[in-house]
Amino acid sequence: MMIKTEKIRELDPMDRGFTLIAGPCSAESRQQVLECARSLSDMGVRIFRAGAWKPRTRPGNFEGWGEKALEWLREVKTETGMTVMTEVANSRHVEAALKAGIDMFWIGARTTTNPFAVQEIADSLRGVNIPLMVKNPINTELELWIGAFERLYGAGLTRLAAIHRGFSAHDERLYRYSPQWQIPVELRRRIPGLPILCDPSHMAGNSSLVPSLARKALDMKSDGLFIEVHPDPSNALSDSAQQLTPAQLRELLPTLMSHRDSAEEDMEILKPYRENIEQTDLKIVELVAERLKASDKLGDMKRLRNLTVLQPERYKALADDMVKEGKRYGLDEDFVRALFEILHTESIKHQLDNNLK
Ligand code: PEP
Ligand code: MN
């Protein structure tokens, strides 16, 4: 299925090419929600997140205030003008959140893992093209993530975005959920135009690791950040270790922005060097084509004279010559041998193929 997403204007109203979404893991009380939203709004954050329903690994933990929390989010919207978003995991959540006027939804990592739940959400949103973000599934299965986008798109949702929040890995020590930067890169290739944000909070599992992951996300051309911020993290009812205080976010933001700008300047400086490499690579392709054409001719001669294609002494002599020449330029012997091996294998293949003609 070819997915063609539409721009979510709310993500980047000023066209700065970057989105910041912040807020507490859970909406814990009216006071906590409003206090957090006010401080975020004051520092220029335009999109507020808070979980009304919390998927917990074990029962008996705080599972969110549900519809009551949606009322607090509405208050945030009215008072600060922020765009507000919450997590939905089934059609009941969708109905309640739509009724409460929540602006955007996200689908959590555990829900993305379950095609039944994603389909149920998609069906309950048919005809309501609300902006929706899909977190990666807990396990490193890109197809499952793409499948979720296909189910939602199939129900007419076109204002979609992805959130890379890290993957479960049995050997991970440093992070709670391992970032797998190549997966969003592949997702971008498979669904061009899909905005992909990064959630460094759930990756990190610890607030001290959030800044470096956020910087890495910018280096990886993430379209924005989804960060957990709590006015009093140590007393948070969920994900206490990983939430930043508003003050910590305020301190982090300018360093992120200057990191991003200087990364762009660095790219400019690299341009001529990159062009040089590109030109040289093109020349290599041309030379390789010439080399293979020469060996095709040699193959024709061998065939005419009924000689064997592979002549090991000759191969060895050529390889040794190449290593010797390579040394003059400071090239590593193993590298030169490997390179010659590739060229020679392809050349033999050509000659054999020609023999079959
Ligand atoms: C969250 O964002 O609070 C959340 C529950 O995230 P995830 O689905 O990534 O665990
Ligand atoms: Mn959380």
Sorted from fewest to most neighbouring beta carbons within 10 Å, what does the list MET2, MET203 look like?
MET2, MET203
Let me have the relative contact order for the chain, percent, based on Cα pairs under 8 Å that are six or more residues apart.
13
In units of 2.2 N^0.38 Å, the Cα radius of gyration of the range 270-355 is 1.30
Below 8 Å, C-alpha to C-alpha, sequence gap of six or more: please give me the relative contact order for the range 270-355 in percent.
41
Can you sort THR112, THR78, THR5 by how many other beta carbons sit within 10 Å, fewest first?
THR78, THR5, THR112
Considering only DSSP beta bridges where both residues belong to the chain, give the percentage that are antiparallel (nearest 5).
5
Ranking ILE348, ILE269 by Cβ neighbours within 10 Å, fewest first, what do you get?
ILE269, ILE348
DSSP bridge orientation in the range 99-255 - percent antiparallel, rounded to nearest 5:
5
In deg cm²/dmol, rounded to 500, what helix-only [θ] at 222 nm does the chain give when every DSSP H run of at least 4 residues adds -39500 (n - 2.57) and the total is split over its residues?
-17500 deg cm²/dmol
If one computes the Cα centroid of the range 112-140 and of the range 195-213, what distance in Å separates the two points?
22
So between LYS221 and ARG126, what do we pick up on full extension, going 0.36 nm a residue minus the alpha carbon distance?
31.0 nm
Förster radius 45 Å - calculated FRET efficiency between ARG337 and GLN119 (Cβ-Cβ, nearest 0.05)
0.25
What are the extents of the Cα atoms of the chain along their three principal axes, in Å, largest first?
90, 42, 39
Cut-off 20 Å, label point 7 angstrom out along Cα-to-Cβ of SER41: give me the residues of the range 7-30 whose amide nitrogen falls inside.
10-14, 20-30
Expected sort for 206-215, 331-340, 119-128 on mean C-beta neighbours within 10 Å, highest first, is 206-215, 119-128, 331-340
Return the whole-Å distance between the Cα centroid of the range 69-89 and the Cα centroid of the range 274-333.
66
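Every number here is computed from the coordinates shown, using simple stated rules; none is lab data. Values in this document were obtained by computation on a predicted structure and should not be read as measured data. Every residue, glycine as well, gets a Cβ built from its backbone with ideal geometry; the counts of neighbours run over all protein chains shown.
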